[in-house]
Each structure stands twice: as C-alpha cells, then as structure tokens.
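The values are calculated or read from the model by the stated rules, or taken from the named source; none is laboratory data. Model, not experiment: these values are computed from the prediction. Cβ: placed from backbone, ideal geometry, glycine included. Neighbour counts: every protein chain shown. Each accessible area value is taken on the protein alone, full model and side chains, heavy atoms only, with ligands, DNA and RNA left out. Shrake-Rupley method; radii C 1.70, N 1.55, O 1.52, S 1.80 Å.
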Amino acid sequence: MSNDQDKILEEVTGSDYKYGFVTDIENDAIAKGLSEDTVRLISEKKKEPEWLLEYRLNAYRHWLTMEQKEWAHLDIPEIDFQNIIYYSAPKPKKELASMDEVDPDLRETFEKLGIPLDEQKLLSGVAVDAVMDSVSVKTTFKQNLAELGIIFCSFSEAVQEYPDLVKKYLGSVVPSRDNYYAALNSAVFSDGSFCYIPKGVRCPMELSTYFRINAANTGQFERTLIVADEGSYVSYLEGCTAPQRDENQLHAAIVEIYVHKDAEVKYSTVQNWYPGDKEGKGGIYNFVTKRGMLHGDNSKLSWTQVETGSAITWKYPSCILKGNNSTAEFYSVAVTNNYQQADTGTKMIHIGKNTKSTIVSKGISAGKSNNSYRGLVKVAKGAENARNFSQCDSMLLGDKCGAHTYPYLEVDNPTAIVEHEATTSKIGEDQIFYCNQRGIETEDAIGLIVNGYAKEVLNQLPMEFAVEAQKLLQISLEGSVG
Amino acid sequence: MLSIKNLKANINGKEILKGINLEVKAGEVHAIMGPNGSGKSTLASVLAGREIFEVTDGHVEYMGEDLLELSVEERASKGIFLGFQYPVEIPGVSMVNFMKAAVNAQRKHRGEEPINASEFLKLMREKKDIVELDSKLTGRSVNEGFSGGEKKRNEIFQMAMLEPKLSILDETDSGLDIDALRIVANGVTKLKNKDNATVVITHYQRLLDYIVPDFVHVLYKGKIIKSGTKELALELEEKGYDWLIKDL
C-alpha cells in the first residue's frame, strides 16, 4: 500500500518549474567580482552620499573577516563570490510617462507571472513598485500615497529624496555586522523598497513589491526598509518568481521593519525563486535576514510567509519585542520538493513586559527534499508575563524527504509562559482515493489537501495574495501525472 | 448498466475476489450481504478503481465501456459513486470547497463549464435537505470531527450533489442509530429513479426495511453463492449464513 502511495506522490511531485522563462532586456551591468572598488562603483553609480559609501565599506571590511556559519541543517555548496555580478540595471529607453511606455517585454514578463502592472491593479487598489533586477522600473500610486504623507519608493530614490530618514533607520534593526549575508548585503545592496508611514496614518491600500531575478549571474541584494511611525498601520506584500537558470544564483536580501508605539505592520511574502531542476541542478540560494523591531509600547508586527522556491532557503523573519505589550506573529508555510533544502523559522525576542508572540509553522516536504523549522523564543529577564505559543507542523509526501524541527527556548523570567506543539503527518493514499472517487484528479487532490493543511497560514494573507499562494502551493507540488 | 463477469482481484498477492458475476440494470436496487471478510468491501473498492487492489481476471462492463480501463476519477465522472464505510477526514478543507471541487471536476470531465457560485449554493441548500444535514456541517472541514452518523449522512449528501448513475454504498448503515439509519435510508430512496441503480452492501437486514432491494446476493469467500429477492434477506436474518455455507 505504501509503495503505491509513494508512487503516486512521486509522480505528482516530480514537476518542472513553471516559471522558467527569461526576458531579453538589455542590461547595464558591471564586471564580475567583489572588492572595495566594486562597492565604490555601486555607490558611485547610484550617486550615493558619502555616509552611505562609508556604511557599505565598513560592512564590506567586516564581511571579509567573517565566515559562513554551518549550524543550519543545509548542505551549502561553496559560493564563488568573485564570480557574481554585483550590479545590473535594465537600460531605460526613455523617461516613462505612462504605463503604455513600459518596455513591452517587461510587461509581458509580469503578465506571465500573473502580475498585471496595469489598470487592474489600480482598480484593485494595489500600489506596485516593480523591481526588475536591481533598479525600480515603475512606481504607481505614489501620488495618492504622498497626499497622506506615506513614502513608498525604491530604496535608491529614498536615499536621494529622504536621506535623513534612511540614515536614521538603515541598519537600526539589522546591523551591518549582524551575520555573514547581512554584512554582504550591507556592502553591495543594489536596490529595494522604502516605506514610511507617518504618525497616525492608516495606509489605505496593500503595498506590494514584486521582485524578480532576471540577468544571469546577477546576485540580488535587495534592501527593504519599512518604518511605521506612532499609531500608524500598513500591510505590506512582497512576492517573487524567477526564471529558470542553470547557474546558481545568490540572493541575500535584508528586510528591516521598525514599528513605533501603537503602530502595526503586517508583512506578507510569497517566495518562489527558481528551485533547481528535478536533479537538484541550478536554483536560487536564498539567504535572507528579515527582522522587525517592535520598539514602541503596544506595537504589533505580523510576518506571514509562503516559501515554495529556492534551492536553498535560509531565512528567519524575527521580532524583537522591546515595547511593553507588544505583539508579534509569525505564520509560515514552507514547501520543499525534489532536492530543495529549507531551514527556516523565526526568532521571538521578548524584552518588554506583557509581550506576546505566536508562531505557526507548516512545513511540507516532497521528493528528496529537506525541510527544517528552526525557532528561537527568548524571554529576557525583564520581560514580565511574556507569552509565547508555537505550533510547528510537518507534512510529508512520500518517504524520501525529511522534516525536522529545532525549537530553542531561552527563558530568563519565571512569569513567562511558553508553549510548543508539534505534529507530523503524511498525505494518505486513502485521502487521495477519497478525492479521486469524487472525480477530483490526483494533482488537484494534493493541492486541496495541502491547502487545507496550510489554511491557518494562508488565511493570514490578504485576499488576492491568498488565492495566488494557493495556486502556487499546488503548482509547486504538481507533476507529470496522466 | 453494470455487468461483472468472473471478476478476480488480489491485495498484496492474496486473492479476495474469486470470480464474481453480477448484472445490475438501471432502476434496480441490489443488496450484497455476507459474513465478515467475504470480500464485500473489496468488490466496492475494485469497482471504484482503488489501485491497491489488483484485478487478475474477469471483465466489467459499465454503460457499454470497459470499466477496468478507466481511472478512479473517470469512473466517478461517468457516474459511479462509492459511499465509504469509513469516510476520510481532510483537515482544513471545507465541505463547500470540497464539493465545489468535485462537482466542477466531474463537469470538466464531461466537457461542461464550471458551475457558477449562486447555482452551486442553491444546489447545496437543496441537497442538504434530503439528508437533513445541518448547515454548519458544510462549513466544516471534510468529515473532521463529524460523528459517525454525520459522516454517513455526509456521504449521502455527496451522492445527492453528484447525482451518480451507479451508487455503491459500502456499509452505509454501520454505526448508525435508528434515527440516523432512517434519515440515511430515506435519502437514498429519494434519490432513486428509473435511470440510476444502487448497490447496497450491508450486514443487516434492517437497512433493507428502508431501502427495499430488488435483488439480494450473498457473497462468501469471494464468490456470490446465492442470489434471490428481498425475501432472501429476511431468511438470512432468521437463519444466518451457516445453512448456505453448509450447502456448498
């Protein structure tokens, strides 16, 4: 019986990446390799102020002294940092006045991704800051947001237009020396998004950014900085898919979120970088540092992530609960298939009094993949009445994949209550047969079952994103049945 | 509608069905009875196409087609419905979504457009009444946390939704109290018409008080050893199976 079941699952999960296409757009790229000169060149190309160059150089010099840590349950091939292009920007043909003027190839790319950068988005109330490779191509809705005092623009633009804000918050949550990849990013980050919500403002729309790796051999070093001032609210979306590549591509992003008193940030992401082929060849290495500082009292931050892509995922969106009564949430679905490896989870650092955190992690492993949850819950001495609830579930498809859970607890305050629950399940042949008998094909049945399993997390996503994510889960596990 | 000839099937190399012959015509109700382990549920599973069973011999014709050539979902879409003895739980998937996926999958197989939302909800409301299914149940996850009775009623509800031509009900009466039994059986009876057929697998005659069969068959050690009319069920109720077995 189990043989049969595994056979079905193998067929269904042995699928090809559906977004493997490349857009042919001219690139303005610098030569491969990394040195102080590279860092200076990037900074110069972006016409950055002196302080930012210094910030980069400090990070670079520190990075040289660091080593990659090997604590994660990952088998990471050696990365040749000299064989990476650290800057590439699509060549603008001319200044763009309207959507019609956006490069048709580029528009087509977004269409294929199901991300229409057009009137539909305007109507559905989503402002899109599309990042193609390293430079923002188009920002919509900026005017409307500007009227509310909301800043939502590319990181480079923010450096030029709002240098004081950038200087104040850059590195305030993720220091440039935080870890190996954070230091690398701090040295060579190319572009990304900047978002500032002023005091008392409720951002009326979901802010979204779509990232995409396009030029071959271009490392992506995105930088996102979100600042929610006192009493403000913002829901921020980020999602990406990448074209098929044989060369491994390094992606080392940093996302910093700074939440002031009484403010709330919801950050949702769907990650679908190219995972490599069925033999485990190619695919993106995704080493991301995401962290939120819940600085003020009563602040709130919620991370929701759907991770389906990348050959290797190393990612722990974390929260520092500094303000009293601050609340942090982490909802995660991580899918690994074929030879994918994921080591992902969160860190909840309770510092303030009456702080509360919730962790819901759903891992799905198929093929020969390895999927690990790694989470730290730390309650500092002064964190009276801190509360944490963690739930870590794993689902296995087939018998050649692995699921691992590494919960770490460090509790230094006796009033804290920390709870951890974990389960492991398998998709049963009986469940698939039940669906088949009602007429539902095996691929759809697995999609249905997996989406049901991940519902608690998917429900956290904004509506239209949830629909996209559901499709993505199914696509990620789909294969060559019948 | 259904013609089974000399059907033999194995599981893990062990022969369970040892040459079944059965004819079912539109408009008929057949009851299959027999002691535990005689192969009743296996017969139901094989007809539905469950792959863990290996058909080693014989032929099954359904609506003019070779049934054994069809996949599980093709059989379903062509009107074969299996009421499960142990309905399966699918956590996190609401009955509404599950039914919608099923109805649309079957429509797609038949080359029809997906059902629109309002039409679908109307259909749900209509069919729920047939088995007196609580509205709350359809909002809950498939069979998760359902009582035994609710699960069985939910099976008949799905049967009503999918409007099958051939329904095979595998011990739909097991684990039901007398009220639930009545509701389930009445549901089945309401769904009966001259164009569809029902095969009821049961241990007990009491179900047949509600779902009156045209034919009763006794399955024993993988073979139908006796066929008759509804009176046969009564006789079995009274005398058990021993007298038949002794005759072999």
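Okay, here's what the table says:
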read-out	value
Exclusive hit being modelled with pLDDT of 90 or more and either open to solvent by 30 Å² or more (accessible area, probe 1.4 Å) or more than 18 Å from the chain's Cα centre (by Cα) (or both), set A:170, A:106	A:170
Residues of segment A:391-405 satisfying the condition of being within 19 Å of residue A:447 (Cα to Cα) and free of Cβ contacts under 8 Å to residues at least 40 places away in the same chain	A:394, A:396
Tally, over segment A:238-256, of residues that are modelled with pLDDT of 80 or more and not in a strand (DSSP E or B)	2
Any hit, segment B:106-119, residues being farther than 21 Å from residue A:432 by Cα, modelled with pLDDT of 95 or more and open to solvent by less than 70 Å² (accessible area, probe 1.4 Å)	no
Within segment A:147-166, considering residues that are touching a Leu at 6+ places or on another chain (Cβ under 8 Å) and among the aliphatic types (A, V, I, L, M), the one nearest to residue A:196 (Cα to Cα)	A:151
Selection from segment B:199-214 of residues that are closer than 26 Å to residue B:62 by Cα and among the charged types (D, E, K, R)	B:214
Residue, nearest to residue B:84 (Cα to Cα), within segment B:133-168, restricted to residues that are among the hydroxyl-bearing types (Ser, Thr, Tyr) and either surrounded by fewer than 17 Cβ atoms within 10 Å (Cβ to Cβ) or in contact with a strand residue (DSSP E or B) (Cβ under 7 Å, 6 or more places away or on another chain) (or both)	B:167
Residue check for residue A:218: out of contact with any Cys (no Cβ under 7 Å at 6 or more places or on another chain), farther than 27 Å from residue A:457 by Cβ and either crowded, with 20+ Cβ neighbours inside 10 Å or at pLDDT below 95 (or both)	yes
Boolean, residue B:23 is out of contact with any Cys (no Cβ under 6 Å at 6 or more places or on another chain), within 11 Å of chain A (Cβ to nearest Cβ), part of a strand (DSSP E or B) and open to solvent by 30 Å² or more (accessible area, probe 1.4 Å)	no
All positions within segment A:261-278 that are under 19 Å from residue A:340 (Cα atoms) and either of a type in the set (Phe, Trp, Tyr) or surrounded by fewer than 23 Cβ atoms within 10 Å (Cβ to Cβ) (or both)	A:273, A:274, A:277, A:278
Restricting segment B:50-73 to residues that are within 16 Å of the chain's Cα centre (by Cα) and either open to solvent by 30 Å² or more (accessible area, probe 1.4 Å) or facing chain A (nearest Cβ under 8 Å) (or both), the residue that is farthest from residue B:14 (Cα to Cα)	B:73
Checklist (1) surrounded by 24 or more Cβ atoms within 10 Å (Cβ to Cβ); (2) farther than 20 Å from residue A:286 by Cα; (3) of a type in the set (Val, Ile, Thr) applied to residue A:344, failing item	(2)
Any hit, segment A:432-440, residues being within 30 Å of residue B:77 (Cα to Cα), of a type in the set (A, V, I, L, M) and facing chain B (nearest Cβ under 10 Å)	yes
Filtered residues of segment A:295-317 (kept if closer than 16 Å to residue A:236 by Cα, open to solvent by less than 10 Å² (accessible area, probe 1.4 Å), in contact with a Lys or Arg (Cβ under 9 Å, 6 or more places away or on another chain) and in a strand (DSSP E or B))	A:301, A:302, A:303, A:304, A:305
Among residues of segment A:318-354, those that are at pLDDT 95 or above and assigned to a loop (DSSP other than H, G, I, E, B), counted	9
Unique match (being modelled with pLDDT of 85 or more, farther than 18 Å from residue A:173 by Cβ and in contact with a strand residue (DSSP E or B) (Cβ under 8 Å, 6 or more places away or on another chain)) among A:306, A:259, A:270, A:234	A:306
Given (1) within 14 Å of chain B (Cβ to nearest Cβ); (2) assigned to a helix (DSSP H, G or I); (3) open to solvent by 10 Å² or more (accessible area, probe 1.4 Å), number of the condition residue A:475 does not satisfy	(1)
Residues satisfying the stated conditions in segment A:447-468, i.e. more than 11 Å from chain B (Cβ to nearest Cβ), without any contact (Cβ under 8 Å) to a residue 12 or more places away in the chain and open to solvent by 20 Å² or more (accessible area, probe 1.4 Å)	A:463, A:467
Residues satisfying the stated conditions in segment B:189-209, i.e. within 19 Å of residue B:127 (Cβ to Cβ) and modelled with pLDDT under 90	none
Residue check, residue B:114 closer than 22 Å to residue A:429 by Cβ and touching a helix residue (DSSP H, G or I) at 6+ places or on another chain (Cβ under 7 Å)	no
Enumeration of residues in segment A:145-167 that are under 24 Å from the mean Cα position of the chain (by Cα), among the hydroxyl-bearing types (Ser, Thr, Tyr) and closer than 23 Å to residue A:235 by Cβ	A:154
Flag if residue A:444 is open to solvent by 10 Å² or more (accessible area, probe 1.4 Å), over 18 Å from residue B:143 (Cα atoms), facing chain B (nearest Cβ under 10 Å) and not in a loop (DSSP other than H, G, I, E, B)	yes
Restricting segment A:416-429 to residues that are open to solvent by less than 70 Å² (accessible area, probe 1.4 Å) and modelled with pLDDT of 90 or more, the residue that is nearest to the other protein chains (Cβ to nearest Cβ)	A:422
